[in-house]
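Quick notes on the structure that follows.
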Amino acid sequence: MRTSNAAKDAKDWAKLALKFGLVLTAPKVWRAISDQLNDRVEGLSDRLNRGLEDVSDTATRKFGDASDRLSSASDALRGRRPWAGPVTGLLVGIGIGAALGVLLAPAAGGETREALRDKAVQTKKQVIQSASDAKERIRRSVPFTGTEGD
């Protein structure tokens, strides 16, 4: 009896395998499987392309930012700063104006030098006071972290 059940089971499995083989060899089945695979591969390809484009755009943007920062740092190290020209012009203008003021002043030389010295001392005090005030405003605006003095 056992052999007949085993033989029947083997026969059933063989029939199933043959039916499955016939189904798989049908052109319609292969076309449907092929179409589904193509659709999935195209979808995956599109997603990968979009992801690669995003990565490429991000990398390009970051490279540009890094390049700009490196260029700015290089210029700063070489002493080429965009504000250096106007500041130099301002300082030269102040020097020329001060020299002309001393030369064309209606007062005597000693009086003019004393007035200039007093004005320089007063300006120095104002600059120190302004710096101190700015430092205090910054200190008040930054929250206390508990790490001061470490």
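The values are calculated or read from the model by the stated rules, or taken from the named source; none is laboratory data. Just so it is clear, the model here is predicted, and its values are computed rather than measured. Cβ: placed from backbone, ideal geometry, glycine included. Neighbour counts: every protein chain shown.
Among all residue pairs at least 6 apart or on different chains, which show Cβ distances below 9 Å where the first residue, located in the stretch 23-35, is among the small types (G, A, S) and the second is outside any helix (DSSP H, G or I)?
none
Can T88 be described as under 30 Å from E114 (Cβ atoms), surrounded by 10 or more Cβ atoms within 10 Å (Cβ to Cβ) and modelled with pLDDT of 75 or more?
Answer is yes for this residue.
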